[in-house]
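The values are calculated or read from the model by the stated rules, or taken from the named source; none is laboratory data. This one's a predicted model, so the numbers in the text were calculated from it and none came from an experiment. So basically every Cβ, Gly included, is an ideal-geometry build from the backbone, and we count neighbours across all protein chains shown. Ligands, DNA and RNA are stripped out before the accessible areas are found, and what is left, the full protein with its side chains, is counted by its heavy atoms. Shrake-Rupley method; radii C 1.70, N 1.55, O 1.52, S 1.80 Å.
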Amino acid sequence: MKKLFLWMLLAAGCMSVMAQQRVKISGHVTDFDGKPISHCAVMLMDKHFHTVDSASTDSAGYYCITNVKPGRYMALTAVRWNEYVRFSKLPEQDRRLEFWAWNIMADKDLTINPRYHRLELYGTTAFCPTGTNALMVYTRPMSATEAMKYDEKLYRDNNNGVIDYSVKLEDFKVQAFIDGQEVKILSIQNMTEQYGNQKMGAFLMMLDYKVITAENTKHHEKGENLCYFQSADFE
């Protein structure tokens, strides 16, 4: 099994036969300066977005989710609710969005170290097109600064479908890695994602195989994302 990071953070690999014993998922939650994020909720979710296991980080930012049933899970997310953009009463510069890790393959104990700031990378999906040596990655980056332009009434009323707090292509600085090794981004295309009545900007990237880290240069926001993926052709 391999991991692809979108720094965003991303990975690839072949999954071994699931062991029957329980496993644990643990790690260290920090910002991009290495400062630990305490009292952060870390939640493991199934395909219906239901939380099946969770933990909270301690004063040093460490968490551990024990007794996890081996299998595949839709995502693991990390968020400190008192900082979350839509609910926080903190000054705007102290608000954040969320960290996401996608397609969790819990066939053994996992270490996932979320780093997050004000750029959220959502819905990340990775796949290998048939007959190529490239990896396609889809992700939707969301800016905390842009999100704060919409008040609660606009969210509730859906703002007639014009809510969009994604990142413009010219402001989207991205690196990609697989299992810690940086890979070349061969191409990147701006997409439009339809979500109900909303339209949100997203990106489709072709990688030369590797994690993804990203930055919104317009607002100096950083985000990281992790996606596990399988490929029968990748060894």
A careful count of residues in region 1-46 that are modelled with pLDDT of 55 or more, farther than 28 Å from residue 185 by Cβ, more than 17 Å from the chain's Cα centre (by Cα) and assigned to a loop (DSSP other than H, G, I, E, B) gives 6
Whether any residue in region 117-124 is at pLDDT 85 or above, over 30 Å from residue 68 (Cβ atoms) and of a type in the set (Phe, Trp, Tyr) is what I want to check.
no
With the checklist (1) part of a strand (DSSP E or B); (2) at pLDDT below 90; (3) not β-branched (Val, Ile, Thr) in hand, flag the one item residue 101 doesn't pass.
(2)
When you look at residue 49, is it part of a loop (DSSP other than H, G, I, E, B), surrounded by fewer than 17 Cβ atoms within 10 Å (Cβ to Cβ) and under 15 Å from the mean Cα position of the chain (by Cα), yes or no?
yes
Please identify the pairs in which a residue from region 177-200 that is under 20 Å from residue 229 (Cα atoms) has its Cβ atom under 9 Å from the Cβ atom of a residue that is of a type in the set (Asp, Glu) and not in a strand (DSSP E or B), counting only partners at least 6 apart or on another chain.
183/208; 184/208; 185/208; 186/208
Hey, among 165, 209, which residue is at pLDDT below 80 and under 28 Å from residue 33 (Cα atoms)?
209
Which of (1) surrounded by 18 or more Cβ atoms within 10 Å (Cβ to Cβ); (2) at pLDDT 85 or above; (3) out of contact with any Asp or Glu (no Cβ under 7 Å at 6 or more places or on another chain); (4) not hydroxyl-bearing (Ser, Thr, Tyr) does residue 214 not meet, given it meets every other one?
(2)
For region 60-71, indicate whether the set of residues that are in a loop (DSSP other than H, G, I, E, B), open to solvent by less than 60 Å² (accessible area, probe 1.4 Å) and under 22 Å from residue 125 (Cα atoms) is non-empty.
yes
Take region 72-87 and flag every residue that is part of a loop (DSSP other than H, G, I, E, B) and closer than 16 Å to residue 38 by Cβ.
80
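Within region 111-141, can you find the residues that are assigned to a strand (DSSP E or B) and either open to solvent by 10 Å² or more (accessible area, probe 1.4 Å) or out of contact with any Ser or Thr (no Cβ under 9 Å at 6 or more places or on another chain) (or both)? Break it down stepwise before answering.
At the first step, the residues of region 111-141 found to be assigned to a strand (DSSP E or B) are 111, 115-116, 119-127, 135-141.
Selection gives 111, 115, 122, 123, 125, 126, 127, 136, 138, 140.
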